[in-house]
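A short worksheet on the structure shown next.
The values are calculated or read from the model by the stated rules, or taken from the named source; none is laboratory data. All values derive from a computational prediction rather than experimental measurement. We place every Cβ from the backbone using ideal geometry, glycine too, and count neighbours over all the protein chains shown.
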Amino acid sequence: MPTLLADLGGAGLGMPSMGDLSLQLNAGAIAPEVAVLLALLISLLVDLAGEKAASRWVPPICYGGLGAALVLLALQWNSPLAPSFFGGFLADNLAVAFRAVVAASTLITLLLSWRYVERSGTPVGEYAAILLAATVGAMILCGSTDLVSIFISLETLSVSSYLLAGYMKRDARSSEAALKYLLVGSAAAAVFLYGASLLYGITGGATDLASIAVALQTSAKPVAALSLVFVLATVAFKIAAVPFHQWTPDVYEGSPTPVVAFLSVGSKAAGFALALRILVGCFESFNEQWKLLFTVLALLSMVLGNVVALAQTSMKRMLAYSSIGQAGFVMIGMVCGTEDGFAAMVLYMASYLFMNLGAFACIILFSLRTGSDRIADYAGLYQKDPLITLGLSLCLLSLGGIPPMLGFFGKIYLFFAGWADHQYLLVVVGLITSVVSIYYYISVIKMMVVKEPQEASDVVKEYPAITWNLAGMPSLRAALVGCVLVTAVGGILSNPLFMWASSTVAGTPILQQAIAASGGGAAALG
Amino acid sequence: MVITTDCLLAAPIVTTLAAVPPGLDLEASFEAAFQGFGLSPGAAHLLWLPLPMLLVLVAAVVGVLVNVWLERKISAAVQQRIGPEYAGALGVLQPIADGLKLLFKEDVIPARADGLLFTLGPVLVLIPVILSWLVVPFGQHLLISNVGIGIFLWISLSSIQPIGLLMSGYASNNKYSLLGGLRAAAQSISYEIPLALAVLAVVMMSNSLSTVDIVNQQSGAGILSWNIWRQPVGFVIFWICALAECERLPFDLPEAEEELVAGYQTEYSGMKFALFYLGSYINLVLSALLVSVLYLGGWGFPLPVEWLAGWLHQPIDAPLVQLITASVGIVMTVLKAYLLVFLAILLRWTTPRVRIDQLLDLGWKFLLPIALVNLLVTAALKLAFPAVFGG
Amino acid sequence: MTIASFTQLICFSILSITLVLGALGVVLLPNIVYSAFLLGGVFLSVAGLYLLLNASFVAAAQVLVYVGAVNVLILFAIMLVNKKENLAAVPGLPLRRVLSGLVCGGLLALLIRVAFTTPWALPGPSPVGEEATIRIGEHLFSDYLLPFELASVLLLMAMIGAIVLARRDVFSSDIVTGAPVDQGLIEKARTPLLVQNPVQEPVR
């Protein structure tokens, strides 16, 4: 940024000419976001034509936008790197991978949502628009390399999330969730801004992460550490790490279920991308400090998330706590800072996308048919609805890490990476809490499968006839079957995913630097 | 403001079609005179500083007195009455009598009102209005502070006013007052947006926020180069919004007598009421002055002064010509402003009051889109015809 | 000390004192209306500080946005819902207050210590005074173009969201099946944490 300031200042009013400017901006890097944004605007316009037209046309528009975004992201894979917007955005492989996770999670969430949204009598067009706005924010957050871009995209994601959480306004719990999320989220944003302002002060007026990283190597320790703590608190809030997790159970319980599906995957993926950008890319001179803090956060998240999940009676609340625990597992990969660690992180995020959304698809389908969310009400479900039973069982087993599901390979890769990097405490705690998590996942499966017909819950006894002919149901079924298939078969075919994860790390300069630094440090120690 | 006066814009971007006359620089000549008496430049500057402020205060108050007299006389003429006639010739002393009456009235604070906020409210309403006079130019150098953000300063200062209105409405502990305060604030923030957009279109043409630059940009060919020809829609939007901001009829809902007694002023009497009274009239004059600055060429004479001087074979730099130019400038500004005030008074007696929903509909659903379109069209015209619309 | 710097010092002291006292008042006063008005004072003092730093555009923007829009909206909200309500007493309130006071005090001490021990030697970009408006424009359309454009998405979404949340029309029937809608799709058995149907209060 200083060089640019000098350019602008030196030339006075001499702005570069139009063609020059667009060349320097390299705006093609955000083409996927533009596709999503176009889908957003078109669905808003279509929504003006009335509710019937909206429910007819908004779904294909959204599929088109998100599909185009995914195709454009695939085209960006391994493309030559050039910073966009004078250093505000960087479409490296890390950004591409996480943006793809976010876009895919939105796509699946939308497939799950249509029936639910119409059933609850809320407008479809605005719902899709707000969810797409959250997607745009999260996607830009994944690639932002400038504090201002990071903050604005974080706020776009957050504000849209608050709105989505409160979308069922007749339901008091939804409003409660939105209000709690808003208050805690605003506090987190304020803390982030304070940290960012300290960073701005340390560097003497730079906002891009590269300059800050350079300045941090020579700056005074206390103030840099303080800004690290502030920024880290926001990151931990976004990925719901203990002790910044308190909003999670209430928000997950009160929000509409498809929204929870998005929050637990898309929003979290963006949070991890932000964590990698800021902590690995920017605070590399404070490696030990942030790794220590992250170790503590990971331990707390794994223990608290998985232990408290045992006591839950509500399915969504249980998944909320389990998602806290899952975030703890992913953080192991970050703490390692090795090639395998980062690759395992990316791999686990991708597999988490399918297994978690698959589980949510089953929960949404069940609540659409019965209006219930209590674990006890799932008793004896296998006789009435084998699809939900099978899908939920497979996804929960995968979340617990039972072979040969996708989740097993993700988890084992994470633990191997941790073990290779001598993070014994983390790995042991991870293994123990995995066993705990398997216990509560299996107890749900037991509830569904083992109960005799006469022991089935009242809800299941009055289970409605299974029909798929309503609008929105086929897409729900497609998403459910797709996620469950990937979860079940992906484990066997996980090699392409491994390759993908490794080339994500290989194509990301900041991660390569970090790996080189930690490798160099290890060599020096050895 | 003390600090910003020192750092005047060194080279404002002036896009005029003709050379700008240097005009009178009172500050420079005043300081030169006092330095002639042996004072240091700093001390001379310090002596100069309070003078323009006092002058503006006096000008504002005198403007209000004239305004009140005009309002009474014109209203009477509209209704085929005579109006005040005994206090001075044609009743010119009537406003002073009014003022004296208010000055000597008992200052009542209602028993269950919030005394502190009750007192602070009118002050908060008045101060931003007077401060806004800082940026009103009466000539090339005849203004207090040629700050670079000129017109933007006025917009932002006028946004403080609703706080004072809400404060007095709340502190009166009276439902009419509270409703009036809320209405006033709602009206004020609703009309601020189209107003700012209309100003933005003018600013886009002059490439500067400074009021002096805005006037200079209109000074090329006399009346033909005034912004009203290039921004007719903007002019209408601005005028409507300015009336709404001043709470003049047809937009005087906050103090609608039939519904709210007197709105937020209900509980006020004496000098505090006078502050509201003063504030609203100063605001009216100020808005009229700014309309003339933004759209009617400011201090410019309908025929450019340089042309007249050229026809009379007088050098434009001659002291006498400069003095005449400056006087003509002041007279023109004031004349244009009072013409607009006259229009506002006529509007008061010829238009019915709108309802609150109509008012908000007009602001948000009509003026705001029109103002946005106006801004876009101005930008397009500026790209297409840079010579006429300020390249 | 020249007149200008002396004036500046006085202005700075007055503004800072107003700022700190106002901010404390916002947090500590029991009357929420006073807090809201003091918040306006705090915003104005911050604008004054910007003015002292020769950033007049930022100062005017601060007044316009924070005082003219944010604070007025806060006041509006307070005055429209200013209903006296007897809230349930929070158990252990004094202890909570002391604890949060301690945390805030500790944080303040930490921040002050850090601020004083850090050598803030870097000069930063030189102030540009009246040219700031031009400079801000240049930045918004070059290196800060992405956040600037994204902010418009954010604002659009905030606006649409506010309308969605504020308007009353929830469809009463499913537009596809015609069945009555149900927003409590989630776990009906549990009583909601907020009261869903408040008991009708007698008209006072």
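Here are A:Thr370, A:Thr389: which of them is of a type in the set (Ser, Thr, Tyr), modelled with pLDDT of 90 or more, surrounded by fewer than 24 Cβ atoms within 10 Å (Cβ to Cβ) and over 24 Å from the mean Cα position of the chain (by Cα)?
Selected residue: A:Thr389, the only one of A:Thr370, A:Thr389 that is of a type in the set (Ser, Thr, Tyr), modelled with pLDDT of 90 or more, surrounded by fewer than 24 Cβ atoms within 10 Å (Cβ to Cβ) and over 24 Å from the mean Cα position of the chain (by Cα).
Could you tell me whether A:Tyr424 is farther than 30 Å from A:Thr338 by Cα, surrounded by fewer than 20 Cβ atoms within 10 Å (Cβ to Cβ) and hydroxyl-bearing (Ser, Thr, Tyr)?
no
Out of all the residues in region A:342-362, is one or more crowded, with 22+ Cβ neighbours inside 10 Å and within 14 Å of another protein chain (Cβ to nearest Cβ)?
Scanning region A:342-362 turns up at least one residue that is crowded, with 22+ Cβ neighbours inside 10 Å and within 14 Å of another protein chain (Cβ to nearest Cβ).
For the subset of region A:68-123 comprising residues that are within 30 Å of C:Ile163 (Cβ to Cβ) and among the small types (Gly, Ala, Ser), which member is surrounded by the fewest Cβ atoms within 10 Å (Cβ to Cβ)?
A:Ala68
Scan region C:142-164 for residues that are more than 7 Å from chain A (Cβ to nearest Cβ) and among the charged types (D, E, K, R) and jot them down.
C:Glu149
Return a yes/no flag: does region B:170-182 have any residue that is within 18 Å of the chain's Cα centre (by Cα) and surrounded by fewer than 22 Cβ atoms within 10 Å (Cβ to Cβ).
No, because not a single residue in region B:170-182 is within 18 Å of the chain's Cα centre (by Cα) and surrounded by fewer than 22 Cβ atoms within 10 Å (Cβ to Cβ).
For region A:137-173, which positions are under 16 Å from A:Glu253 (Cα atoms) and at the interface with chain C (Cβ under 7 Å from one of its Cβ atoms)?
A:Leu163, A:Gly166, A:Met168, A:Lys169, A:Arg170, A:Asp171, A:Ala172, A:Arg173
Let's see how each residue does on (1) closer than 28 Å to B:Val305 by Cα; (2) surrounded by fewer than 22 Cβ atoms within 10 Å (Cβ to Cβ):
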{"site": "B:Gln94", "(1), (2)": "no, yes"}
{"site": "B:Ala97", "(1), (2)": "no, yes"}
{"site": "B:Lys101", "(1), (2)": "no, yes"}
{"site": "B:Phe104", "(1), (2)": "no, yes"}
{"site": "B:Asp114", "(1), (2)": "no, yes"}
{"site": "B:Val125", "(1), (2)": "no, no"}
{"site": "B:Gln140", "(1), (2)": "yes, no"}
{"site": "B:Ser145", "(1), (2)": "yes, yes"}
{"site": "B:Ile160", "(1), (2)": "no, no"}
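Based on what the data block shows, is A:Ala514 closer than 28 Å to A:Ser323 by Cβ and surrounded by 15 or more Cβ atoms within 10 Å (Cβ to Cβ)?
yes
Please determine whether any residue of region B:229-243 is farther than 18 Å from B:Tyr191 by Cα and crowded, with 20+ Cβ neighbours inside 10 Å.
yes
For A:Val460, state whether it is surrounded by 14 or more Cβ atoms within 10 Å (Cβ to Cβ), part of a helix (DSSP H, G or I), at pLDDT 80 or above and among the aliphatic types (A, V, I, L, M).
Considered against the rule, which asks whether it is surrounded by 14 or more Cβ atoms within 10 Å (Cβ to Cβ), part of a helix (DSSP H, G or I), at pLDDT 80 or above and among the aliphatic types (A, V, I, L, M), A:Val460 comes out as yes.
Given the conditions (1) touching a Leu at 6+ places or on another chain (Cβ under 7 Å); (2) touching a residue at least 60 places away in the same chain (Cβ under 8 Å); (3) within 11 Å of chain C (Cβ to nearest Cβ), report the number of the one that B:Val136 does not fulfil.
All conditions pass for B:Val136, except number (3).
Just one of the numbered conditions (1) free of Cβ contacts under 8 Å to residues at least 40 places away in the same chain; (2) within 13 Å of chain B (Cβ to nearest Cβ) is not true of C:Pro91; which one?
(2)
Quickly run through region C:112-143 and pick out the residues that are within 24 Å of C:Leu53 (Cα to Cα), of a type outside the set (A, V, I, L, M, F, W, C) and touching a Phe, Trp or Tyr at 6+ places or on another chain (Cβ under 8 Å).
C:Thr133, C:Asp143
Within the bounds of region A:479-488, is there any residue that is of a type in the set (S, T, N, Q), surrounded by 21 or more Cβ atoms within 10 Å (Cβ to Cβ) and within 25 Å of A:Leu353 (Cβ to Cβ)?
Scanning region A:479-488 turns up at least one residue that is of a type in the set (S, T, N, Q), surrounded by 21 or more Cβ atoms within 10 Å (Cβ to Cβ) and within 25 Å of A:Leu353 (Cβ to Cβ).
Answer yes or no as to whether C:Val65 is within 20 Å of B:Ala171 (Cβ to Cβ), under 12 Å from the mean Cα position of the chain (by Cα) and without any contact (Cβ under 8 Å) to a residue 12 or more places away in the chain.
no
Counting only residues that are surrounded by fewer than 23 Cβ atoms within 10 Å (Cβ to Cβ) and among the polar types (S, T, N, Q), which one in region B:247-303 is farthest from B:Asp107 (Cα to Cα)?
B:Ser280
Search region B:42-56 for residues that are in contact (Cβ under 8 Å) with a residue 40 or more places away in the chain and pair each with any residue that is part of a helix (DSSP H, G or I) and of a type in the set (A, V, I, L, M, F, W, C) when their beta-carbon atoms are under 8 Å apart and the residues are at least 6 apart or on different chains.
Qualifying pairs under 8 Å: B:Leu49/B:Val2; B:Val56/B:Ile130; B:Val56/B:Trp133; B:Val56/B:Leu134.
Would you check which residues across region A:1-58 are assigned to a helix (DSSP H, G or I) and modelled with pLDDT under 50 and list them?
Those that are assigned to a helix (DSSP H, G or I) and modelled with pLDDT under 50: A:Pro2, A:Thr3, A:Leu4, A:Leu5, A:Ala6, A:Asp7, A:Leu8, A:Gly9, A:Gly10.
Please work out if A:Val191 is more than 9 Å from chain C (Cβ to nearest Cβ), under 22 Å from A:Phe294 (Cα atoms), touching a Gly at 6+ places or on another chain (Cβ under 8 Å) and modelled with pLDDT of 85 or more.
Against the criterion (more than 9 Å from chain C (Cβ to nearest Cβ), under 22 Å from A:Phe294 (Cα atoms), touching a Gly at 6+ places or on another chain (Cβ under 8 Å) and modelled with pLDDT of 85 or more), A:Val191 does not qualify.
Just a yes or no: is a residue in region B:351-363 among the aliphatic types (A, V, I, L, M) and touching a Lys or Arg at 6+ places or on another chain (Cβ under 9 Å)?
yes
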